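Have a look at the structure below, then the notes.
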Amino acid sequence: MFGGLLASLAWAQEGGQVLTKAPELLEFAEAELPAGVTSRTASVVLRLTLGVDGRVEEVEVVESGGEDFDAAASEAARRFLFSPAEIDGAPSRVRILYRYEFVERLELPTTAIFSGVVRDRERRVPVPGVTVTLADGRRAVTDGEGRFEIRDVEPGTLSITLEGERLTALGTEETFVAGERLDATYDVFLLEEGEEGDDMEILVSAPALRKAAVSTEVGAEEARKIPGTQGDVLRVVESLPGVARAGLGSGSLVVWGAAPDDTGVYVDGVRVPRLYHDGGLRSVLGSDIVRSVELVPGGFGAAYGRGLGGLVTVKTARVEDEESVRATVAADLYDGSAFVSVPVVGRGGIAVGGRYGWVGPLLDQFYPAVQDFFPIPRYYDVQLRAGVKLRPNEALDVTGIVSGDRTVRTAPNADPAREASEDRRVTFQRAWLRYSRDGGDGTVTSVVVFGGADQQDRVASFGPVETSIRTRQAVVGARASYRARIHPALTLEGGLDSEVSVASIVREGSTAVPGREGDVRAFGQPPPDQIATDSFQVVQANVAPYVEAALAPWKERLTVVAGLRLDPQVRSVSRALPQVGIAPTNGLLVEDTRLEPRISVRAAPLEAMYVMAAAGLYSQQPQAQDLSAAFGNPSLPAPRGAHYLAGIGGRPAKPLSIDATGYFTRSRDLAMRSEREQPARGAALEATGDGRAYGAQFMLRLDAVAGFSGWISYSLGWSERRNTPESSWRPSDFDQRHVLTALVAYDLPLGFDVGLRARVASGYPRSEVQGAVYDVRRDVYQPVFGEQNALRLPTFFQADVRVAKEFAVRASTFEISLDVQNVTNFKNTEEFIYSSDYQERGGISSLPILPVLGVRWKR
Amino acid sequence: MEAMRWTLCLLAGCVPELIDDTPYVDEPRVLAIRLDPPEAVPGATVRASALFADAEGLVDGDPFVWSFCVARKPLAELGPVSPRCYEPGEAWEAMDGAQGALPADGCARFGPNPPPAEAGESGGRPVDPDPSGGYYQPVVASRPAVDEEPTLAFARLRCGIPNVNQETFVAWNRAYRDNVSPMPETLSVVGEAGTVVPWEGTGDAIEVQAGATMTLEVAWPACPDSASCGDGVCSPEEDVTTCRDDCEIPTGCNGAERYVVWDTADKILRLRREALSIAWYVTGGTVAEARTGRSADDPERTSRNEWTAPSSAGEVWGAVVLRDDRGGVGYRSFRVRVRDP
């Protein structure tokens, strides 16, 4: 492409006439160089004679730029149109000089190139004759070397389909950037002669820019087949490195020794209060709506905050890409679930899913006394999604999720003063509207606006000591981000992460219920019978802008991600001090602003190896319940912390990857129970606690080869706390020294797949009971403890096996699965339990061998 | 039931059955401590007596050193008292034998009165009451010659109620009656036909066959459910102006008394009946339940338990201890002669 410039103007004046209006170029004409001309820059000066109508009548070369350029410029000039020049106010014929510059103008490409190779996964040989089709219909067929190429691909995320002989249609997605070539490798399973195929996930080894220093991401289909999860995709998080084994009935997520409330769980960028239902049997989202889950145990980037622990991000499936109706119905021992997704008008889709846990209601019906002995969880969850594609790379979707849990248990006793009971209900709702746009030139825009509510009710009693906590919280917020590729090696992202919550809490009863980290107590020990009451409101607001720069000056060899998050936190508490009589109380407004820099560096000195390091500052709001003037402290500051990690890893051989990460985290201003004999009013909790966690995690992962896939992960970690700066460090309640998980899955012929998971984990710390004191008033023995958390529950071992078989029936598939938990029937101790006088200690054992049969229909 | 337990084990884990052997007295133990009066103002004198038994039965004498513990319990301590109360030291204030004057600052140290503020800080946090609205002074019974943990008793302090206006305080003060310890009125054996045969006198022993099971029933006095002048009890609704006979010298009841409590949540005064707990102790044989009781809503004034005689002849000593939910304690003992079949 060439352009011309008007360099100068000269005219001829004749006989005392005055130029009263100079001619202006109204229409420019591009010159065309003949083919074969190699030089692209030149300058030609022309003398143009303009008529009274402004048209060019004569062209004369005054300064040559070369024969070819002279001819091209002259031809183009003849097509110029000027406004008529005026001499003495009248249109006149004039001659002007005009410099025609030939300048090469670089035009940025607006499309991408898609190329790659398709290989037989087992034999690693190229597969010719495979048709690779883009969502826009364009296609290419792999050549004799298995290679293909499609040019001029529109930028954005597109669906790709692979079809061929002995190859069932497979689908995946790729993201294309204008001006770049995406070179992908697809390793696929080829069917045996006459074999019917079924859908399966493709493992793609295409280059991607990693944003998190250490993370593990698992696709939904892979996660669903992991033994011990009963097909619940999000339960794979339990088996990832860095995650401690939760106790039976806990369902809490302990990542790198952090308290469960310190780890944030996000679904499409929206924070939700929990990942699992009570008891940890199920996650709060149906598997069919989950696309992938990623765990970042520490060192996450500036886009997320309000958490001292790790980060779990769940991505949901996009219904607007569905091309046909998809439905799933599943049932097993614990619950039943259903899901349906329907495309709408070719540009969108609607999906609805739900799950209902029926163990509790069935036992209520046939064995109503069951809750006298064990807490039986009751749960449900519902998901709705509607999405539409506004343009090929622009989408709008709205999502709603609802989750409910109820756990009831009682311990009857012939003496009503010794009866114990607990009734806990936890529900939450979230809805969000999300807009996303992929500009195709490296710009990505995302805006999520959300709202929701949480309801928690807990009533617990031990004889006459009744404790109740009622929390109602509304939350609204927005997350927006804009990412742009400033340079091929530099991507900038700016965004806003905001959330406002309003909580109303009514709390009565024992000051020691619920328990908290650092409590020294034995299972079954009656709580203190000093009781208090409080009713208060908490408003917390956090609007955090952030910027992040990802610099990759050397393609995948070096990536530096530097981010900065400004985290101002404001909270208002309705009571600064406990109420005295009926006198009105003053509230309290607290403001904390944290500047949180974060950086991660990842270098790949060799193609199959990387090293990385990351560091960052983090903070989080205090728990709303801790801001009670009677039970907590309205003046609690926001706890803060720092993460430091370093790691190494790579692919020693193609299907194998190995990662090793060392970490050190520190947290301060943790809320602890006051150790003063005379605590101040409104200071039942004090921000005197410190925490630290350090250790290493290792993961050896095998991508699918010859039907096998899986991983082995091992974590060695210390999680410590000290109650005050003067105290000694002690193991925290979340310290789990060793965690070893081994997973293997194998795709057998004839639609079978089997899997095995084995876990070995250290027990959680406990404080040893060294004696007991008889309290004659309450007629109970009270334990006398030794050093805090110096004892440990026995080491845990469990092996789970999963066998599944798929049957194709017309357009649908049936799957029957058998998930056998604790296949070796190993007797694990979940908790120590004592006799009434603490002279004898036993252990509450975990589940024995438990086969769970499940059926799943999918269309 | 066993099948269901097994099924439930599959679902939610298994709890071991740790035998509660606290009813069985086979070594010297404190079974109860009674303080007279069971409720008093700081500075008043209280007298302590222990139900102390061993494998042979009641142990005469008072081998204990009695102390008040004046250390306040931190909120981080989830036990009943400060750990400083478990060992002799600065926290112990010795009583004069088995009696002593309650520390004068008890309501500031263990009650609703704010403790003195420390320099530069707002006033200290008062102690929270128990569900009956009570505050307690710890009493420690120890045996220095024996290497064992001390036993804890608690004297209920009459301190008033916090954070109320004068009108409410006056109403509470007028209606509140100091606690009176419950006392077993009768101990009986329930026959097969449901007949109840009282045990006459605490010294009498009854005779049973080895291995036989009998149902024991303890009864306590009936306390008025409403105010009735002349019934001998000064009820919360009465005072010296409305019923001089009952309230000139306020008299309580040795059963499940009614008392007034300040409801801190609803900010009103409520009338409540005491719940009673019964602990059963024996030196031989087995009891079906270690503890029985009646809730505050249950007007029944008896409680039963089954005792199975040992398989060999001998003499068995037993005791029944009543406790109300305001810290009052009362007890009686019994003896059984077991004969060979």
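What the table below lists for this structure:
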quantity: Dipole in debye (nearest 20) - the range B:253-318, about Cα centre, beta carbon charges: Lys, Arg +1; Asp, Glu -1; calculated: 220
quantity: Relative contact order, percent, chain B [alpha-carbon distance under 8 Å, six or more residues apart]; calculated: 17
quantity: Extension gain, A:Ile486 back to A:Ala706 (0.36 nm per residue minus Cα-Cα distance, nm); calculated: 74.9 nm
quantity: Amide hydrogen neighbours beyond the local backbone of A:Leu50, cut-off 5 Å, H modeled; calculated: A:Glu57, A:Val94, A:Arg95, A:Ile96
quantity: Long-range amide H partners of A:Val852 with built H, under 5 Å; calculated: A:Asp819, A:Val820, A:Gln821
quantity: Chain A: angle of helix A:67-77 to the longest principal axis, Cα-based, in degrees nearest 10; calculated: 90
quantity: Projected label distance in nm at A:Val784 and A:Gln17, using a 7 Å step from Cα toward the beta-carbon; calculated: 12.3
quantity: Relative contact order %, the range B:29-154, counting alpha carbon pairs below 8 Å whose residues are six or more apart; calculated: 25
quantity: Rounded to whole Hz, the Karplus (6.51, -1.76, 1.60) HN-Hα couplings of the range A:831-848, x for glycine and proline; calculated: 7, 7, 9, 10, 6, 4, 9, 6, 8, 10, 10, x, x, 7, 8, 7, 4, x
quantity: FRET E, pair A:Ile648, A:Val539, Förster distance 45 Å, beta-carbon r, rounded to 0.05; calculated: 0.50
quantity: Sum of -39500 (n - 2.57) over DSSP H runs of 4+, divided by residues of the protein assembly as shown (222 nm, nearest 500); calculated: -1000 deg cm²/dmol
quantity: Coil-residue chymotrypsin sites (Phe, Trp or Tyr not before Pro) of the range A:764-850, DSSP, other Cβ within 10 Å capped at 15; calculated: A:Phe826
quantity: Residue list for the range A:321-365, given a label point 7 angstrom along the Cα-to-Cβ vector of A:Val398 and an amide N cut-off under 11 Å; calculated: none
quantity: Separation in nanometres of the label points that stand 7 Å from Cα toward Cβ, at A:Thr410 and B:Glu315; calculated: 4.4
quantity: Loop-located chymotrypsin sites (Phe, Trp or Tyr not before Pro) in the range A:500-595 whose Cβ has at most 15 other Cβ within 10 Å (DSSP); calculated: A:Phe523, A:Trp554
quantity: The protein assembly as shown, dipole about Cα centre (Lys/Arg Cβ +1, Asp/Glu Cβ -1), debye to the nearest 20; calculated: 1540
quantity: C-alpha long axis of helix B:2-12 to longest principal axis of chain B, angle in °; calculated: 40
quantity: Inter-label distance, nm, simple model (7 Å from Cα along the C-beta direction), B:Val170/A:Val547; calculated: 7.0
quantity: Chain lengthening between A:Val325 and A:Val855 when straightened (0.36 nm per residue, less Cα-Cα); calculated: 188.8 nm
quantity: Estimated FRET transfer efficiency when R0 is 25 angstrom, pair B:Val41-B:Ala222 (beta carbons, to 0.05); calculated: 0.30
quantity: Part-to-part distance (alpha-carbon centres) for the range A:800-854 and the range A:665-707, which is given in Å; calculated: 30
quantity: Inter-chain Cβ neighbour average for residues A:675-687, partner chain, 10 Å; calculated: 6
quantity: Folded to 0 to 90 degrees: helix B:166-175 orientation relative to chain B principal axis, Cα; calculated: 30
quantity: Calculated P(r) of the range B:192-291 - Cα pairs past 24 Å, %; calculated: 48
quantity: Estimated vicinal HN-Hα couplings, Hz - the range A:665-672 in sequence order (Karplus 6.51, -1.76, 1.60; Gly, Pro = x); calculated: 10, 9, 9, 9, 6, 7, 6, 10
quantity: Gain in span if fully extended, B:Asp60 to B:Ile268, counting 0.36 nm per residue against the direct Cα distance; calculated: 70.2 nm
quantity: Estimated FRET transfer efficiency (A:Thr161, A:Val570; beta-carbon r; R0 30 Å; 0.05); calculated: 0.05
quantity: Karplus-derived HN-Hα couplings along the range A:287-302 (A = 6.51, B = -1.76, C = 1.60, θ = phi - 60°), whole Hz, x at Gly and Pro; calculated: 5, 5, 9, 9, 9, 7, 9, 10, 10, 10, x, x, x, 6, x, 6
quantity: Pairs from A:Lys654/A:Lys805; A:Lys225/A:Lys858; B:Lys73/B:Lys267; A:Lys225/A:Lys389 whose Cα-Cα separation, in the structure shown, is over 24 Å; calculated: A:Lys654/A:Lys805; B:Lys73/B:Lys267; A:Lys225/A:Lys389
quantity: Diffusion constant of chain A at 10 °C, which comes from Stokes-Einstein with the Kirkwood Cα-pair radius and 1.306 mPa s, µm²/s; calculated: 51
quantity: Neighbour cut-off at most 14 other Cβ (10 Å), DSSP loop, trypsin sites (Lys or Arg not before Pro), the range B:242-341; calculated: B:Lys267
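Since every read-out is calculated from the coordinates, none of them should be taken as a lab result. The shown structure was predicted, so the numbers you read here are calculated from the model rather than taken from an experiment. FYI the Cβ positions are ideal-geometry reconstructions off the backbone, even for glycines, and counts take in every protein chain you see.
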